[in-house]
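This is the structure I have questions about; it appears just below.
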Amino acid sequence: MSFARTTLLIFERYLKISLRNPAWLVIGLMQPVLYLALFGPLLSPLGRAGVSGFPSGNSYQFFVPGLLVQLGMFGSAFVGFGIIIDLRSGVLERLKVTAASPLSLLLGRVLRDVLVLLVQAVLLVLVGLAFGLRAPVAGVLISFAIVGVLAVSLSSLSYGVGLKLKNEDALGPALNLVAVPAMLLSGILLPLSLAPGWLNWVSRVMPFRYIIDSMREAFRGNYATTLMLEGAAVSVGLAVVCLVFASRAFQRA
């Protein structure tokens, strides 16, 4: 069986599992929507006041891109629990007996996670429009592409770490240990231009900062900028590193 055919079969299998329980699509969307509804209005006066980092008159151009990344960080980053269940129940072992490529076993799952995150991202942007978000269509589509690449990175990393730890009790704290500081140091809620110098410097080691900055540029209609180039390079580089790490973990599992 060809690599592409195997990947498609794995994708279809796990997509059907997700469709049997669509509540997870809504549950994963609840946190960013609550931030949008309860925290977003607090930022509007900052935009009108001309605070550095906020687009004048529409703070949602700043806030929604950050929420899209947050959606990926607390959605795609926690899919590793599923691979631990498959490993413990013998599903992964039975799939490997079929001589399927470990990379196809990984990519099939990752493509499902990308699709789920993109559906959630579209719904979040539609809710943002109801709150007053205004952004060019091209910029939104570019951001969706970046979100898709981010899903590849985070879901691959989660699967790889899940196969290394093989325990849900260890995986949850490990992911939170990385996700929470990454969220706080990436400027999701507030612009890092407001941070003291040392905190701004520390945040530069976080790849999500560059990804969020590039998405905010896209939402403002600025495409040919250094921030866009940096964000694209970081997102693709992160995806490659995470895919290599996860594929090796699948080979050794």
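Within segment 78-122, which residues are out of contact with any Ser or Thr (no Cβ under 6 Å at 6 or more places or on another chain) and among the hydroxyl-bearing types (Ser, Thr, Tyr)?
SER89, THR98, SER101
Step by step: first the residues of segment 101-125, then only those that are of a type in the set (S, T, N, Q) and assigned to a helix (DSSP H, G or I), then the one that is farthest from LEU38 (Cα to Cα). Which residue is that? Explain how you work it out, then say what you get.
So in segment 101-125, the residues of a type in the set (S, T, N, Q) come out as 101, 104, 120.
Then drop every residue that is not assigned to a helix (DSSP H, G or I), which leaves 104, 120.
On the way: SER104: 41, GLN120: 19 Å.
Among them, the one singled out is SER104.
When segment 165-190 is examined, which residues are found to be under 30 Å from TYR60 (Cα atoms) and not in a helix (DSSP H, G or I)? Break it down stepwise before answering.
Of segment 165-190, the ones under 30 Å from TYR60 (Cα atoms) are 175-190.
Result: SER186, GLY187, ILE188, LEU189, LEU190.
Has segment 87-95 got any residue that is farther than 19 Å from VAL240 by Cα, touching a Pro at 6+ places or on another chain (Cβ under 9 Å) and at pLDDT below 90? Reasoning before the result, please.
Going residue by residue through segment 87-95, those that are farther than 19 Å from VAL240 by Cα are 87-95.
Next, from what is left, pick out any that are touching a Pro at 6+ places or on another chain (Cβ under 9 Å): none.
Checked against the condition, which is being farther than 19 Å from VAL240 by Cα, touching a Pro at 6+ places or on another chain (Cβ under 9 Å) and at pLDDT below 90, segment 87-95 yields no hits at all.
Something else: Can you tell me which residue in segment 1-24 is surrounded by the most Cβ atoms within 10 Å (Cβ to Cβ), limited to those that are under 20 Å from the mean Cα position of the chain (by Cα) and modelled with pLDDT under 80?
TRP24
While we're here: What are the pairs with Cβ atoms under 9 angstrom where one residue, in segment 167-192, is without any contact (Cβ under 8 Å) to a residue 60 or more places away in the chain and farther than 24 Å from GLU217 by Cβ and the other, located anywhere, is among the charged types (D, E, K, R) and surrounded by 14 or more Cβ atoms within 10 Å (Cβ to Cβ)? Sequence gap at least six, or different chains.
Going by the 9 Å Cβ cut-off, there are no qualifying pairs.
Quick check: anything in segment 148-164 over 20 Å from the mean Cα position of the chain (by Cα), within 30 Å of THR7 (Cα to Cα), at pLDDT 85 or above and assigned to a loop (DSSP other than H, G, I, E, B)?
Among the residues of segment 148-164, not one is over 20 Å from the mean Cα position of the chain (by Cα), within 30 Å of THR7 (Cα to Cα), at pLDDT 85 or above and assigned to a loop (DSSP other than H, G, I, E, B), which makes the answer no.
Oh, and also: Within segment 194-209, track down each residue that is surrounded by fewer than 21 Cβ atoms within 10 Å (Cβ to Cβ) and in contact (Cβ under 8 Å) with a residue 24 or more places away in the chain.
Listed by number, the residues that qualify are LEU194, MET206, PRO207.
Touching a Lys or Arg at 6+ places or on another chain (Cβ under 8 Å), surrounded by 14 or more Cβ atoms within 10 Å (Cβ to Cβ) and touching a residue at least 60 places away in the same chain (Cβ under 8 Å): is that true of GLY108 in this structure? Give the steps one after another, and end with the answer.
Numbers: touching a Lys or Arg at 6+ places or on another chain (Cβ under 8 Å): yes; surrounded by 14 or more Cβ atoms within 10 Å (Cβ to Cβ): yes; touching a residue at least 60 places away in the same chain (Cβ under 8 Å): yes.
Yes.
While we're on this one: Looking only at segment 59-100, count how many residues are surrounded by fewer than 19 Cβ atoms within 10 Å (Cβ to Cβ) and part of a loop (DSSP other than H, G, I, E, B).
Number of matching residues: 5.
Only residues that are within 19 Å of the chain's Cα centre (by Cα) and either touching a residue at least 60 places away in the same chain (Cβ under 8 Å) or not in a helix (DSSP H, G or I) (or both): list them for segment 25-47, please.
Of segment 25-47, the ones within 19 Å of the chain's Cα centre (by Cα) are 25-36.
Result: LEU25, GLY28, LEU29, PRO32, VAL33, TYR35, LEU36.
Right, another one. Among the numbered criteria (1) without any contact (Cβ under 8 Å) to a residue 60 or more places away in the chain; (2) touching a helix residue (DSSP H, G or I) at 6+ places or on another chain (Cβ under 7 Å), which single criterion is violated by GLY231?
(1)
Within segment 143-175, count every residue that is in contact with a helix residue (DSSP H, G or I) (Cβ under 9 Å, 6 or more places away or on another chain), more than 17 Å from VAL244 (Cβ to Cβ) and not hydrophobic (A, V, I, L, M, F, W, C).
Matching residues across segment 143-175 total 6.
Taking segment 126-138 on its own, how many of its residues are part of a helix (DSSP H, G or I) and buried (at least 21 other Cβ atoms within 10 Å of the Cβ)?
Quick first cut of segment 126-138, residues part of a helix (DSSP H, G or I) only: 126-131, 137-138.
In the following step, the residues that additionally are buried (at least 21 other Cβ atoms within 10 Å of the Cβ) were identified as 128.
Selection size over segment 126-138: 1.
Let me ask you something else. Kindly indicate whether any position in segment 211-218 is touching a residue at least 12 places away in the same chain (Cβ under 8 Å), β-branched (Val, Ile, Thr) and within 21 Å of LEU133 (Cβ to Cβ).
Checking segment 211-218: at least one residue is touching a residue at least 12 places away in the same chain (Cβ under 8 Å), β-branched (Val, Ile, Thr) and within 21 Å of LEU133 (Cβ to Cβ).
The values are calculated or read from the model by the stated rules, or taken from the named source; none is laboratory data. Every value quoted in this text rests on a predicted model; they were computed, and no experiment measured them. Reconstructed Cβ throughout: ideal geometry from the backbone, glycine too, with neighbour counts over all protein chains shown.
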